[in-house]
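Structure first, commentary second.
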Amino acid sequence: MGKKDSASRSVTRTPKMSSVPEALNSIGITGPVSTKDTFSIEYSDGLLVATVRKSNGVVQTSRRSVDGSFHESTLFDPESVSKDTRNALIKRLAAGRMTQSEIARRTGVSQATVSNVLRK
């Protein structure tokens, strides 16, 4: 992880692997995180967003304000819905002004797949 301090120098911090599940849990991700899972943690405008994609395709996303006044979690299991239902969900999320990248992150598909669904 790189971060700029007040003097605009690059500061690199490498978290201990044992602290990764703790960090994800503090943002709102529940359940164990495996070494086969992928995850990201992003920060923008006072919101932390953590996304975990499990090896089985399940995607969990948690958004939390740093002041604790807001928390939102989603869980998407692509195996529990048909392709048509997934595509309808993608279209509803796009209609709600969510970006293609955000939709891809929440549904566990690529941004290109989201784009293809929205073109149809």
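Computed from the coordinates by the stated procedures, all read-outs in this text should not be read as laboratory data. Predicted model, so just to flag it, every value in this text is computed and none were measured. Neighbour counts are summed over all protein chains in view; Cβ atoms, including those assigned to glycine, are modelled from backbone coordinates with ideal geometry.
In percent, how large is the relative contact order of the chain, given Cα pairs closer than 8 Å and 6 or more residues apart? Numbers along the way, then the final one.
Values: 164 pairs, mean separation 18.5, N = 120.
About 15 percent, as a whole number.
Spin-label model, Met98/Phe39: points 7 Å from Cα along the beta carbon direction are separated by 2.1 nm.
Helix-derived [θ] at 222 nm for the chain: sum -39500 (n - 2.57) over DSSP H runs of at least 4, divide by residue count, nearest 500? Kindly include the intermediate steps, with their values, before the conclusion.
Values: 4 runs with 39 residues, N = 120.
Dividing the helical sum by the residues of the chain leaves -9500 deg cm²/dmol.
When the Cα gyration tensor is reduced to axis lengths a ≥ b ≥ c, the ratio a/c stays below 1.5 for region 81-120, which is therefore classed as rounded. Counting lysine pairs in the chain whose alpha carbons fall under 28 angstrom apart, excluding pairs fewer than 8 residues apart on the same chain, gives 13.
Could you tell me what fraction of 2.2 N^0.38 Å the Cα radius of gyration of the chain comes to, as a two-decimal ratio?
Working: Rg = 16.0 Å, N = 120, 2.2 N^0.38 = 13.6 Å.
Dividing the Cα Rg of the chain by 2.2 N^0.38 Å gives 1.18.
Compute the signed sum of charges (Lys and Arg +1, Asp and Glu -1) over the other residues within less than 13 Å, Cβ to Cβ, of Arg105.
Working: positive: Arg53, Arg63, Arg106; negative: Glu42, Glu102.
Summing Lys and Arg as +1 and Asp and Glu as -1 gives +1.
For Gly96, what is the net charge nearby, where nearby means another residue's Cβ is under 15 Å from its Cβ and Lys, Arg count +1, Asp, Glu -1?
Numbers: positive: Arg63, Lys91, Arg92, Arg97, Arg105, Arg106; negative: Glu72, Glu102.
Result for the neighbourhood of Gly96: +4.
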